[in-house]
Amino acid sequence: MGRYYHRRRFSHYRHNESQRAETKSGLAGIDDDVLRIFNSLHGLRRTNLFNQYDKAHGNSAGSYMRKTIAGWASGAVKPSGDTLTRLLNLVPKILNQSEKYDLLKKLYDSHRKDFQEQHSLTVVIGHSLSFRQQVTDLAQRLCNKPGTHTLPTYVQTKIAWVCDNDSTVARRIMAAIETEDSVAIASAGVAEVENLVRRIQSLDMSAEGTHTMRLPYGLITVYVRKPNLFEKIGKLFS
Amino acid sequence: MAENFELVKAQFISGQLPAGSILAKVLADLPAEDVARLKQKAAEGMLGVELKRLADQNKFQVSSADIDDFIQNAQRMERTHSGVTSSYKMDGRFETASGETTITSKKGCFIATAVYGSANHPNVVRLRRFRDRHLETHFVGRLFCALYYRLSPRLAAGFFSRGKAQNGMRRLLDRVCAFLNG
């Protein structure tokens with residue numbers, strides 16, 4: 001009996017753990033932030049949230065939450081995956097726009113790597129005459145990426161408020177800032193590639209160089225080298 | 001797309017969004033306090049970008065000066081190592097405003113250096129002297145050198161840097177050097 005009970009408890013514990021891990025996946029730790037905010041709520045905001053919780057999930061769930069909140073705050077009790085999902089959806093509703101913006105930014109920043117691109121380009125001195133245009137085109141492509149960056153569907157399903165109007169506006173602001181940042185990096189990068197080409201050209205011996213531009217939405221690696229013998233001969237006949 | 005963002009951002013920050021635009025409609029539904037906070041976030045973000053841009057301008061100038069110094073040193077090396085028995089390799093890595101630049105400048109006998117383990121081995125010096133005195137004085141020799149410098153770095157780094165291939169090549173080069181000496 002004891003062994004059976006122990007096994008059941010253990011399997012229940014494991015189920016809770018896996019459910020919690022599933023809820024937390026892809027949230028970039030904003031669940032911990034939400035829980036921390038939730039634990040630090042007081043006064044009118046706290047009452048407001050409790051009322052919303054009762055209204056959305058019933059009085060029994062609400063009274064369990066009130067009873068367990070101290071355990072969550074101390075870390076002695078971990079909320080289940082379901083409770084975490086409820087809090088993740090309810091707490092941001094009572095946050096101010098600034099707090100919500102920060103959560104959203106953290107979420108988008110962590111999912112940016114899924115949208116990042118890597119490009120490479122070889123510039124042969126004297127042969128790749130349109131390299132500036134090619135580098136500019138690639139940089140432009142990465143500068144446009146912030147506008148197309150969306151969160152994965154499973155994250156949108158898990159926390160619905162990321163699709164709300166105010167979150168959409170917040171995301172557009174973030175995208176505008178990221179675009180601005182990308183444009184600044186890209187313009188410096190294009191100038192640096194031009195300088196690299198000029199410098200490699202100024203050396204008589206075997207010389208080569210690479211320039212890696214790190215933009216928020218990807219990398220562009222430009223490899224600059226002198227023409228080889230066949231390219232030189234080919235150019236003579238072309 | 002970038003221009004669109006630029007326009008929306010400017011309109012948003014200045015509060016002059018066109019009445020029919022989606023963003024204007026969305027903002028109209030938001031409480032004034034939320035709109036003010038979003039504007040503050042936008043302004044903070046732009047300030048961050050401006051500060052980063054200033055830092056990057058400084059980084060651009062500093063890295064450009066560093067790379068110019070490196071190139072001047074490489075040109076000096078080219079001049080001082082233009083004669084016989086000369087080889088050098090210079091590598092530079094620079095953090096720049098947009099990322100990272102690396103430059104490599106080199107002159108040397110790659111396979112022989114890989115086989116003998118040193119650029120100053122007597123046989124390597126002998127081969128280099130032969131290159132400078134005999135090969136580089138006529139067209140076919142220069143063609144051979146150009147082809148050799150194109151292929152040899154990869155062969156030296158891979159095939160001839162280990163095991164039987166290295167030993168075999170060493171024996172062959174020993175004979176060539178003995179012939180050059182004789």
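The values are calculated or read from the model by the stated rules, or taken from the named source; none is laboratory data. Here the structure is a predicted model, which is why all the values come from computation and not from measurement. As a convention, Cβ positions derive from the backbone with ideal geometry for all residues, glycine included, and neighbour counts pool all protein chains shown.
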Does the range A:55-71 contain any residue that is under 23 Å from B:Leu30 (Cβ atoms) and at pLDDT 85 or above?
yes
Would you please name the residue that is surrounded by the fewest Cβ atoms within 10 Å (Cβ to Cβ), looking only at residues in the range B:45-83 that are more than 25 Å from A:Ala184 (Cα to Cα) and among the β-branched types (Val, Ile, Thr)?
B:Thr80
With the structure loaded, tell me whether A:Asp102 is under 23 Å from B:Arg53 (Cα atoms), surrounded by fewer than 16 Cβ atoms within 10 Å (Cβ to Cβ) and within 13 Å of chain B (Cβ to nearest Cβ) or whether it fails that test.
yes
Would it be correct to say that A:Lys158 is buried (at least 20 other Cβ atoms within 10 Å of the Cβ) and more than 12 Å from chain B (Cβ to nearest Cβ)?
yes
Scan the range A:145-160 and give yes if some residue there is within 15 Å of A:Leu104 (Cα to Cα) and among the charged types (D, E, K, R), otherwise no.
yes
Just to be sure I understand, how many residues within the range A:212-231 are closer than 15 Å to A:Val124 by Cβ, surrounded by 14 or more Cβ atoms within 10 Å (Cβ to Cβ) and without any contact (Cβ under 8 Å) to a residue 24 or more places away in the chain?
2
Helices (runs of 4 or more DSSP H) wholly in the range A:6-105 with at least 2 residues that are under 18 Å from A:Ala160 (Cβ atoms) and of a type in the set (Ser, Thr, Tyr) - which ones?
A:81-94
Pair list, Cβ < 9 Å and 6+ apart or interchain, from the range B:137-148 residues that are touching a residue at least 12 places away in the same chain (Cβ under 8 Å) and closer than 15 Å to A:Lys232 by Cα to residues that are among the polar types (S, T, N, Q) and not in a helix (DSSP H, G or I)
none
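So that you can scan it fast, the table gives a plain yes or no per residue for (1) modelled with pLDDT of 65 or more; (2) more than 8 Å from chain A (Cβ to nearest Cβ); (3) out of contact with any helix residue (DSSP H, G or I) (no Cβ under 6 Å at 6 or more places or on another chain):
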{"residue": "B:Phe5", "(1), (2), (3)": "no, no, no"}
{"residue": "B:Ala28", "(1), (2), (3)": "yes, yes, yes"}
{"residue": "B:Lys41", "(1), (2), (3)": "yes, no, no"}
{"residue": "B:Leu47", "(1), (2), (3)": "yes, yes, yes"}
{"residue": "B:Ala55", "(1), (2), (3)": "yes, yes, yes"}
{"residue": "B:Asn58", "(1), (2), (3)": "yes, yes, yes"}
{"residue": "B:Ser82", "(1), (2), (3)": "no, yes, yes"}
In the range A:223-238, residue nearest to the other protein chains (Cβ to nearest Cβ) [restricted to those that are closer than 29 Å to B:Arg76 by Cβ and hydrophobic (A, V, I, L, M, F, W, C)]:
A:Leu229
With respect to A:Glu178, determine if the residue is crowded, with 21+ Cβ neighbours inside 10 Å and within 23 Å of B:Gln57 (Cα to Cα).
yes
Test A:Ile173 against the criterion of being crowded, with 19+ Cβ neighbours inside 10 Å, modelled with pLDDT of 95 or more and facing chain B (nearest Cβ under 10 Å), and give yes or no.
no
All positions within the range A:188-222 that are over 24 Å from the mean Cα position of the chain (by Cα), more than 8 Å from chain B (Cβ to nearest Cβ) and under 17 Å from A:Asp137 (Cβ atoms):
A:Val190, A:Val193, A:Glu194, A:Val197, A:Val222
Being over 17 Å from A:Arg112 (Cα atoms) and either of a type in the set (Asp, Glu) or assigned to a helix (DSSP H, G or I) (or both) is the requirement here; does A:Ala188 meet it?
yes
Condition check: away from chain B (no Cβ under 13 Å), crowded, with 16+ Cβ neighbours inside 10 Å and without any contact (Cβ under 8 Å) to a residue 40 or more places away in the chain. Does A:Thr150 satisfy that?
no
Return yes or no: is A:Ile185 surrounded by 15 or more Cβ atoms within 10 Å (Cβ to Cβ), facing chain B (nearest Cβ under 7 Å) and farther than 30 Å from B:Asp34 by Cα?
yes
Enumeration of residues in the range A:72-81 that are within 29 Å of the chain's Cα centre (by Cα) and either modelled with pLDDT of 85 or more or exposed (fewer than 12 other Cβ atoms within 10 Å of the Cβ) (or both)
A:Gly75
Looking at the range A:111-136 only, could you name the residues that are under 11 Å from A:Tyr217 (Cα atoms) and loosely packed, with under 13 Cβ neighbours inside 10 Å?
A:Lys113, A:Asp114, A:Gln118
